[in-house]
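Okay, structure first, notes after.
Computed from the coordinates by the stated procedures, all read-outs in this text should not be read as laboratory data. From a predicted model like this one, the values you see are computed outputs, not experimental measurements. Note that we place each Cβ from the backbone using ideal geometry, even for glycine, and neighbour counts take in every protein chain shown.
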Amino acid sequence: MYTRRCVLQLFLAAVALVAGLACAQTLGSAQAVPQAAGPYRILVSNDDGVRAAGIVAVAQALQSLGEVTVIAPAENQSGKGHSITISEPIFRDEVTLAGGLRATSLTATPASTVKVALANIVKQKPDLVVSGINRGANLGLAAYVSGTAGAAREAASQGIPAIASSLAMPAADYSAAVEATLRVARHVKENGLPPGVFLNVNVPTGPSQALKGLMITTQSGTAGGTERFAEQKHPNGRTIYWNVYEEGGAGAEGTDVWAMAQGYVSVTPMKVLEYDAATAAKLKALTVAPR
């Protein structure tokens, strides 16, 4: 009797063990099921100022891709490049833009606006930062002084995929630039970008139907325009200068300047780091102490 009782207990224990393992496997499988992804978060900024037509147009269009937050400079910050605000306080205001679009304005440069947005305002890290749409192209060497590119570069330096988008002058109709930017943003959402890379998008002026297509380009070694300084006399006798910039110019085939002149939307992959390995190798002789 004792033996049969022990056998029965062992049998019941084995059944319980098998059932427990099956239950554990079931729970493990349930936990392995991917969770529903959260919203795709897009931070939109610019250098033309929070009330510029380009930022309103692109922010409204990007809502089809995800959750859009608009945080931009309070005033025009064109030409500020990657400069930052360090000696003045940065004031924050909440504003309502056309179409009821809510936005935050900061009295800061584009790069500092992105810095403050990421450090103090947005609760979760964005999946994408879009800077623009700028009024005026940012081609070739002009990308280094562009506040539009500066905002995107700052985001990329913090590990966030970014796009800088600009429309050539006179920049009256943003529809073609919105369409191109949305196309590029959708690609980035689906495919991502390498760390430390942002895309510099430039769109010729005119309707979408007039564009020849989209071209992946290199960065031109020219500025994509001509710059001069108009000299005048102030009433007190001092000489003053006004910066005058006109778009247009020639670039080597395959560059952003060339593509725009040919009627293509230019998409130029840009890297945050500018280290030159080839030159570093040639400079190794400097490390050898002279005899």
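Numerical summary
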{"quantity": "I240 paired with K212, simple spin-label distance in nm, labels 7 Å along Cα-to-beta-carbon", "calculated": "4.3"}
{"quantity": "Mean shadow area of the range 143-221 over all directions, Cα convex hull, nm²", "calculated": "5.7"}
{"quantity": "Antiparallel DSSP beta bridges within the chain, as percent of all bridges there, nearest 5", "calculated": "45"}
{"quantity": "Derived scalar couplings ³J(HN,Hα) [the range 186-194; Karplus, 6.51 cos²θ - 1.76 cosθ + 1.60; whole Hz; x for Gly, Pro]", "calculated": "4, 5, 5, 4, 7, 10, x, 9, x"}
{"quantity": "Sorted by Cβ density within 10 Å, fewest first, the residues R135, R92, R228, R153", "calculated": "R228, R92, R135, R153"}
{"quantity": "Cut-off 13 Å between beta-carbons: net charge of the residues surrounding A171, Lys and Arg +1, Asp and Glu -1", "calculated": "-2"}
{"quantity": "³J(HN,Hα), Karplus 6.51/-1.76/1.60, whole Hz, each residue of the range 73-84, x for Gly, Pro", "calculated": "x, 5, 10, 4, 10, 4, x, 7, x, 9, 5, 10"}
{"quantity": "The range 243-282: chymotrypsin sites (Phe, Trp or Tyr not before Pro) falling in loop per DSSP and having at most 13 other Cβ within 10 Å", "calculated": "Y275"}
{"quantity": "For the range 185-257, radius of gyration divided by Kirkwood radius, i.e. Rg to Rh on alpha-carbons", "calculated": "1.17"}
{"quantity": "Point-charge dipole on Cβ atoms (K/R +1, D/E -1) for the range 77-167, about Cα centre, debye to 20", "calculated": "80"}
{"quantity": "5 angstrom amide H check on V70, placed H, neighbours 5+ away", "calculated": "V44, T104"}
{"quantity": "Shape of the range 84-196, Cα gyration tensor, a/c cut at 1.5", "calculated": "rounded"}
{"quantity": "Cα-based Rg and Dmax for the chain, where Dmax is the largest Cα-Cα distance (Å)", "calculated": "27.3, 120"}
{"quantity": "Karplus 3J(HN,Hα) series, Hz, for the range 59-67 with 6.51 cos²θ - 1.76 cosθ + 1.60 (x for Gly, Pro)", "calculated": "5, 5, 5, 5, 4, 6, 9, x, 8"}
{"quantity": "Ranked packing of 63-70, 203-210, most packed first, by mean Cβ within 10 Å", "calculated": "63-70, 203-210"}
{"quantity": "All aspartates and glutamates inside 15 Å of K123 as judged from Cα atoms, apart from same-chain residues fewer than 8 positions distant", "calculated": "E67"}
{"quantity": "I55, I160 arranged by Cβ crowding within 10 Å, fewest neighbours leading", "calculated": "I160, I55"}
